[in-house]
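The values are calculated or read from the model by the stated rules, or taken from the named source; none is laboratory data. Predicted model only: the values in this text are computed from it and were never measured. Here the Cβ positions follow ideal geometry from the backbone for every residue, glycine too, while neighbour counts run over all protein chains shown. Calculation scope for accessible area: heavy atoms of the full protein, side chains included, ligands and nucleic acids excluded. Shrake-Rupley method; radii C 1.70, N 1.55, O 1.52, S 1.80 Å.
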Amino acid sequence: MDGGLTVRAGVVIPEAELGWRFSRSSGPGGQSVNTADSRVELIFDLAATTALGEPLKNRALERLSTRLVDGVLTIAASEHRSQWRNREAARARLASLLREAIAAPPRQRRPTRPSKGAVRRRLDDKKRRGETKRLRGRPSD
């Protein structure tokens, strides 16, 4: 946890840009449940970061706009009993979230049309199937 958070090749968030807040976690903990601050909140100021280039930052801000509060992204982790494991879980979740947010948009689908042969085969199959069903009916007198 000392070299920063690697989001993908070429994109590393410096440790100085990550803020941490700890509190008591609800859930499992046994005897030490009321004394250990095992719940972790990872705070990342996406709007002010220097780790992302301008296009990537704008893309991430747009895609994560519903999760941001004043440009700040907060991730909470409390699923583990140990603070260390919750820190690792929060870091992994942030990396995954940012990786998806800065990914290039999918390529546009180019509309295509079925070939004449494919259309003809489809219609022939439909006629053959209809004829089969028609022959299943009661014979006429």
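Find the residue count for the stretch 66-84, including only residues that are exposed (fewer than 15 other Cβ atoms within 10 Å of the Cβ), touching a residue at least 12 places away in the same chain (Cβ under 8 Å) and in a strand (DSSP E or B).
1
Would you confirm, using the coordinates I've provided, whether Glu62 is part of a helix (DSSP H, G or I), open to solvent by 50 Å² or more (accessible area, probe 1.4 Å) and within 16 Å of Glu15 (Cα to Cα)? If you could, list the steps in order and put the result at the bottom.
Values: part of a helix (DSSP H, G or I): yes; open to solvent by 50 Å² or more (accessible area, probe 1.4 Å): yes; within 16 Å of Glu15 (Cα to Cα): no.
So Glu62 does not fit the description; no.
Quick one: Ala95 ticks every box in (1) open to solvent by 40 Å² or more (accessible area, probe 1.4 Å); (2) of a type outside the set (Phe, Trp, Tyr); (3) part of a helix (DSSP H, G or I) except a single one, so which number is it?
(1) is the only condition that Ala95 fails.
Out of the residues in the stretch 111-126 that are of a type in the set (D, E, K, R) and loosely packed, with under 10 Cβ neighbours inside 10 Å, state the one that is farthest from the chain's Cα centre (by Cα). Don't jump to the end; show me each part of the working.
Taking the stretch 111-126 first, the residues of a type in the set (D, E, K, R) are 113, 116, 120-122, 124-126.
Okay, now just the ones that are also loosely packed, with under 10 Cβ neighbours inside 10 Å, so 113, 116.
Working: Arg113: 33, Lys116: 41 Å.
Restricting to residues being of a type in the set (D, E, K, R) and loosely packed, with under 10 Cβ neighbours inside 10 Å, the top hit is Lys116.
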